[in-house]
1. If the viscosity is 1.002 mPa s and the temperature 20 °C, what translational diffusion coefficient in µm²/s does Stokes-Einstein give for the range 103-148 when Rh comes from Kirkwood over Cα pairs?
2. Which order do MET247, MET198, MET208 take by accessible area at a 1.4 Å probe, largest first?
3. Show me the three semi-axes of the equivalent ellipsoid for the range 175-334, from the C-alpha gyration tensor (sqrt of 5 times each eigenvalue), largest first, rounded to whole Å.
4. Can you show me the helix-derived [θ] at 222 nm for the chain, built from DSSP H runs with n ≥ 4 at -39,500 (n - 2.57) apiece and divided by the number of residues, rounded to the nearest 500.
5. Note down the magnitude of the dipole of the range 1-113 about its Cα centre, charges +1 on Lys and Arg C-beta and -1 on Asp and Glu C-beta and zero elsewhere, to the nearest 20 debye.
6. Rounded to a whole number of µm²/s, how large is the Stokes-Einstein D of the range 86-222 at 10 °C and 1.306 mPa s, given Rh as the Kirkwood radius over C-alpha pairs?
7. Using a 1.4 Å probe on the protein heavy atoms only, what accessible surface does ILE142 show? Give it in Å² to the nearest 10.
8. Quick one, could you list the DSSP H helices from the chain stretching 24 Å or more along their long axis (Cα atoms) with average Kyte-Doolittle hydropathy of -1.0 or above?
Amino acid sequence: MSANDVVVKVNNLKKWFPLKRGIKDILARKPRKYVRAVDGVSFEIKKGEIFSLAGESGCGKTTTGRTILRLIEPTDGEIYFLGKRVDTMERDEIRGFLRKKAQMIFQDPYESLSPRMSIEDIIAEPLEVHGLISSKKEKREIVSKYLEEVGLTPPEEFVFRYPHELSGGQRQRVAIARALVLEPEFIVADEPVSMLDMSIRASILNLMLDLRDKRGISYLFITHDLAVAKYISDKLAIMYLGKIVEMGDAVEVIDNPLHPYTKALIAAIPVPDPRHKIGEIPIKGEVPSAIDVPKGCRFHPRCPYKFEPCDKEEPPLVEVEPGHFVACHLYARR
Ligand code: SF4
């Protein structure tokens, strides 16, 4: 693939949320504190590629996705989408360019679809917002086409229904149809199957894979579930406390994890075999606060392998095998 195939490029992206200071702190001239939700991440996503961000809740993966789409404002760093710089774009250009070509699918199809709108109105809403529908007939034709594309057939059985009349899987298909209706080139899918029953997760993942194959859509897929990440992703990045600690080909990262944190996450994946012993998770404690990020390697308070430089120097993300990047002193000093 050439550089022209890069759909999304993120350089040193940061999103820090300022904390409110009390009157005592202001009078004592204490510096403002920040939640460092995303603290310098860099990656790129190519055309038709599914790039997953995985990690425990609070690691910054959802904030990264929302910041790329300018649903929240970045604190620092650069975001490029289809070669255009997005982080400095004015509102009009965001609306005319980014909102048309990039979409988001949310975790909870119960909350992301308005209960007062019919399925037809929900799917057609992005077209109406951008003034792209000229008649009711055209609206019905377009909505029917996308209902068929996401497997809700026959479409006339769905157009007049309301979200509460559908199952969770059908609702997520409606959310996907709404995301598709502007023919986007990029979709941020934030835990799109985590609220669904096990039995229908695979069908939604397969639908997303089919759409990628058919339309060449690129995805940023956000998940805490590494089994799902392995199934759907081409590339995988593991996040911890706002940073990427490991990144590479998804199968390689999961079958040959290098970072101690990735190894611990993989040891915790359930295996559907009663004879399988759950792997020991060699890390202790909880994720530290993103307000007081540990000095040096931010994983060092929980790492069983920490050694002399770990609590002083932050390890850079380096390529230790072709296409496989790790931020850990164990590898940086090889
Ligand atoms: Fe553990 Fe040190 Fe590697 Fe951090 S840099 S993961 S503390 S060995």
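The values are calculated or read from the model by the stated rules, or taken from the named source; none is laboratory data. Owing to the predicted nature of the structure, the values given are computational and were not obtained by experimental measurement. Reconstructed Cβ throughout: ideal geometry from the backbone, glycine too, with neighbour counts over all protein chains shown. Surface areas here come from the heavy atoms of the whole protein model, side chains and all, with no ligands, DNA or RNA. Shrake-Rupley method; radii C 1.70, N 1.55, O 1.52, S 1.80 Å.
1. Rounded to a whole number, D works out at 186 µm²/s.
2. On the way: MET247 25, MET198 140, MET208 0 Å².
In descending accessible area the options line up as MET198, MET247, MET208.
3. Values: eigenvalues 195, 73, 46 Å².
Largest first, the range 175-334 gives 31, 19, 15 Å.
4. Details: 11 runs with 98 residues, N = 334.
Estimated from H runs of four or more residues: -8000 deg cm²/dmol.
5. Values: 23 positive and 15 negative charges, 115 e Å.
With Lys and Arg at +1 and Asp and Glu at -1, about 560 debye.
6. Working: Rh = 15.3 Å.
Rounded to a whole number, D works out at 104 µm²/s.
7. Ignoring ligands and nucleic acids, ILE142 comes out at about 40 Å².
8. On the way: long enough: 198-215 (26 Å, 0.02).
Qualifying helices: 198-215.
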